[in-house]
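*Asks:* Pasting in a structure now, in structure tokens, and then I'll have a few things to ask.
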Amino acid sequence: PILGICLGMQLLFSESEEFGITEGINLIPGKVISLNKRINNNKIKIPHIGWNKILRPSYNQGRDWSKTVLKSVDELNDVYFIHSFYAAPEDNNITIATSSYGGFEFCTAVKYNNITATQFHPEKSGETGLKILEDFCKQLDK
């Protein structure tokens, strides 16, 4: 199993808009896009820094977290973010969680083959983050 966190998540995708169009590692099909392109309200600060809720994707409210690193947390748990870009998978079915910032819903966690990745920082997310990291480590025992 592979766990990508924040920039580690973004690097796993096919390409990024950061510093022009650049190639990623291409383990997950999709793009990394600037939040500035999606949030046009000058009152919303970029980078997105601080606590925010994780949600089941609005386009898939029934998403089952029981076989993911989110299995021990509840929807609406707060996690810690610091980022100016977000990942946009080609296949929305790999998105296991989203968050909303400035009224824009974006992908915050994916599960793709042996890869799990989060835009947020579980290691900075208190008890919720520790549960996520513990559930990832439990996969290693299998």
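The values are calculated or read from the model by the stated rules, or taken from the named source; none is laboratory data. Worth saying up front: this structure is predicted, and the values here are computed from it rather than measured. Cβ placement follows ideal geometry from the backbone for every residue including glycine, while neighbour counts extend to all protein chains displayed. For accessibility, only protein heavy atoms count, side chains too; no ligands or nucleic acids. Shrake-Rupley method; radii C 1.70, N 1.55, O 1.52, S 1.80 Å.
*Asks:* Kindly state, to the nearest 0.05, the FRET efficiency for K138 paired with S58, given R0 = 35 Å and r defined as their beta-carbon distance.
*Replies:* Values: r = 29 Å, r/R0 = 0.82.
Taking R0 as 35 Å, the efficiency between K138 and S58 is 0.75.
*Asks:* Right, next: Taking the Cβ of K53 as the center, what net charge do the other residues with Cβ under 9 Å away carry, scoring Lys and Arg +1 and Asp and Glu -1? It would help to have the intermediate numbers written out before the result.
*Replies:* Numbers: positive: none; negative: E75, D78.
Charge balance in the 9 Å sphere: -2.
*Asks:* Between beta-carbons, use under 12 Å as the cut-off and find the net charge around L133, counting Lys and Arg +1, Asp and Glu -1. Walk me through the numbers on the way to the answer.
*Replies:* Working: positive: K124, K131, K138; negative: E123, E127, E134, D135.
Summing Lys/Arg as +1 and Asp/Glu as -1 gives -1.
*Asks:* Right, next: Keeping the other protein chains in place, figure out the carbon and sulfur percent of the accessible area of the chain, with a 1.4 Å probe. Mind dumping the intermediate values first?
*Replies:* On the way: 3790 of 7530 Å².
The computed percentage sits at 50.
*Asks:* Give me the net charge of G30's neighbourhood, meaning all other residues with Cβ under 10 Å from the Cβ of G30; Lys, Arg count +1, Asp, Glu -1. Please report the intermediate quantities before stating the final value.
*Replies:* On the way: positive: K31; negative: E15, E90, D91.
Summing Lys and Arg as +1 and Asp and Glu as -1 gives -2.
*Asks:* Which trypsin sites (Lys or Arg not before Pro) from segment 1-109 combine a DSSP loop assignment with at most 14 other Cβ atoms within 10 Å? Walk me through the intermediate numbers first.
*Replies:* Values: sites: K31, K37, R38, K43, K45, K53, R63, K67, K71; in loops: R38, K43, K45, R63, K67, K71.
When the trypsin sites (Lys or Arg not before Pro) of segment 1-109 are filtered for loop state and at most 14 Cβ neighbours within 10 Å, K43, K45, K67, K71 remain.
*Asks:* If amide hydrogens are placed 1.01 Å from N in the peptide plane, which non-local residues have theirs closer than 5 Å to the one on I28?
*Replies:* F13, S14
*Asks:* Related question: Can you compute the FRET efficiency between W51 and S84 using 1/(1 + (r/R0)^6), with r the Cβ-Cβ distance and R0 = 25 Å? Round to the nearest 0.05. List each step's numbers first, then the result.
*Replies:* Values: r = 17 Å, r/R0 = 0.68.
Calculated transfer efficiency: 0.90.
*Asks:* Per residue of segment 65-74, what does 6.51 cos²θ - 1.76 cosθ + 1.60 with θ = phi - 60° give for ³J(HN,Hα)? Whole Hz please, x for Gly and Pro, Karplus curve as stated.
*Replies:* 8, 5, 10, 10, 5, 8, 4, 9, 10, 9
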